[in-house]
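Here's the structure, in structure tokens; my notes come after.
The values are calculated or read from the model by the stated rules, or taken from the named source; none is laboratory data. The structure presented is a predicted model; accordingly, all values stated were derived computationally and were not measured. Cβ placement follows ideal geometry from the backbone for every residue including glycine, while neighbour counts extend to all protein chains displayed. We work out accessible area using only protein heavy atoms, side chains counted, and drop any ligands, DNA or RNA first. Shrake-Rupley method; radii C 1.70, N 1.55, O 1.52, S 1.80 Å.
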Amino acid sequence: MKGIHDLGGMHGFGPVEPEADEPTFHQRWEAAVFAMATACGRAGATGNTDRFRHAIERIDPVAYLTHGYYGRWLGGIETLLVEAGLVDREALTARAEAAGANPDARIASRPAAAPDPVAPSGDSSAVRTLETPPRFAAGDAVRTVTDLPPGHCRLPDYARGRDGRIEALHGGWVFPDANAHGRGECPTHLYTVSFAGETLWGAAAEPGTRVHLDLFEPYLESRHG
């Protein structure tokens, strides 16, 4: 699914300006959000990492662009807690306003009316052993797919329908697209795929540029010639 989070290759956002000696947290509330996410994860309240990531992707689009990194986390946490029935959104809003929050401020969370049932995951690792051999080998020519179901997806939009080359194999891993929606881990092979810059960005790409992406096997198909 292409959402506001899928910004790779989009124009108009200006240059990336890294902050020198950037601190882990710019304000105390960011550390509090990090602690909340950790506690919720260990308690099983947020399901699994893929579900948490998808909850962040689903927050209000304007909030995604303006609330900052940990602001997005906070919206994702609230989304999942409301969907799990652990927090009442109206009561949470009332408490925030009682503590001084602006009643007209944008609310990032967007919980689904009928959320996917996702069981808590107690495994901190996503590596899995597979009996099936990989479809591709290093050096194989591949093309990324374009026909993808709605929902969580780790194939960026700018790399869909593009020709690439298998550079490395990484064995079996939990498939995020299924795991985020409670459809099981569905482990699959993971590859590093390289793409020529001009394949992704066109003639305006910097000459000689190659982009490497770690992509799951369902995102790839064989390309001959």
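Here are Glu97, Glu90, Glu57: which of them is closer than 30 Å to Gly8 by Cβ and either free of Cβ contacts under 8 Å to residues at least 40 places away in the same chain or of a type outside the set (Lys, Arg) (or both)?
Of the residues listed, the single one that is closer than 30 Å to Gly8 by Cβ and either free of Cβ contacts under 8 Å to residues at least 40 places away in the same chain or of a type outside the set (Lys, Arg) (or both) is Glu57.
Could you tell me how many of the residues in segment 195-225 are within 21 Å of Asp147 (Cβ to Cβ) and either in contact (Cβ under 8 Å) with a residue 60 or more places away in the chain or small (Gly, Ala, Ser) (or both)?
Selection size over segment 195-225: 11.
Tell me, yes or no, whether segment 171-180 has at least one residue that is within 26 Å of Leu86 (Cβ to Cβ) and open to solvent by 40 Å² or more (accessible area, probe 1.4 Å).
No - not one qualifying residue is present in segment 171-180.
From the residues in segment 6-52 that are assigned to a helix (DSSP H, G or I) and among the polar types (S, T, N, Q), which one is least open to solvent (accessible area, probe 1.4 Å)?
Among residues in segment 6-52 that are assigned to a helix (DSSP H, G or I) and among the polar types (S, T, N, Q), the one least open to solvent (accessible area, probe 1.4 Å) is Thr38.
Just checking, does segment 123-137 include any residue being part of a helix (DSSP H, G or I) and either surrounded by 12 or more Cβ atoms within 10 Å (Cβ to Cβ) or of a type in the set (Ser, Thr, Tyr) (or both)?
Within segment 123-137, none of the residues are part of a helix (DSSP H, G or I) and either surrounded by 12 or more Cβ atoms within 10 Å (Cβ to Cβ) or of a type in the set (Ser, Thr, Tyr) (or both).
Can we say Val82 is outside any helix (DSSP H, G or I) and buried (at least 18 other Cβ atoms within 10 Å of the Cβ)?
So Val82 does not fit the description; no.
From the list Val82, Val33, which residue is among the β-branched types (Val, Ile, Thr), within 19 Å of Asp116 (Cα to Cα) and out of contact with any Asp or Glu (no Cβ under 6 Å at 6 or more places or on another chain)?
None of the other options fit; the residue is Val82.
Out of curiosity, is Gly184 of a type outside the set (Val, Ile, Thr), open to solvent by 30 Å² or more (accessible area, probe 1.4 Å), without any contact (Cβ under 8 Å) to a residue 24 or more places away in the chain and farther than 12 Å from Tyr219 by Cβ?
yes
Looking for whichever is in contact with a helix residue (DSSP H, G or I) (Cβ under 7 Å, 6 or more places away or on another chain) and of a type in the set (A, V, I, L, M, F, W, C) here; the options are Ala94, Ala98, Ala55. Which one fits?
Selected residue: Ala55, the only one of Ala94, Ala98, Ala55 that is in contact with a helix residue (DSSP H, G or I) (Cβ under 7 Å, 6 or more places away or on another chain) and of a type in the set (A, V, I, L, M, F, W, C).
What's the total number of residues in segment 200-216 that are outside any strand (DSSP E or B) and either crowded, with 20+ Cβ neighbours inside 10 Å or in contact with a helix residue (DSSP H, G or I) (Cβ under 9 Å, 6 or more places away or on another chain) (or both)?
Residues in segment 200-216 being outside any strand (DSSP E or B) and either crowded, with 20+ Cβ neighbours inside 10 Å or in contact with a helix residue (DSSP H, G or I) (Cβ under 9 Å, 6 or more places away or on another chain) (or both): 8 in total.
Go through Arg160, Arg165 for me and flag whichever is under 21 Å from Asp50 (Cβ atoms) and among the basic types (Lys, Arg).
Arg160
Can you find a residue that is at pLDDT 95 or above, open to solvent by less than 40 Å² (accessible area, probe 1.4 Å), farther than 18 Å from His5 by Cα and small (Gly, Ala, Ser) anywhere in segment 138-151?
Checked segment 138-151: at least one residue is at pLDDT 95 or above, open to solvent by less than 40 Å² (accessible area, probe 1.4 Å), farther than 18 Å from His5 by Cα and small (Gly, Ala, Ser).
For segment 190-225, what are the residues that are within 24 Å of Ala119 (Cβ to Cβ) and touching a Gly at 6+ places or on another chain (Cβ under 8 Å)?
Across segment 190-225, the qualifying residue is only Leu190.
If I filter segment 190-209 for residues that are small (Gly, Ala, Ser), touching a Phe, Trp or Tyr at 6+ places or on another chain (Cβ under 8 Å) and farther than 19 Å from Leu7 by Cα, do I get at least one hit?
no
Quick one: which residue in Arg160, Arg110 is open to solvent by less than 50 Å² (accessible area, probe 1.4 Å) and basic (Lys, Arg)?
Arg160
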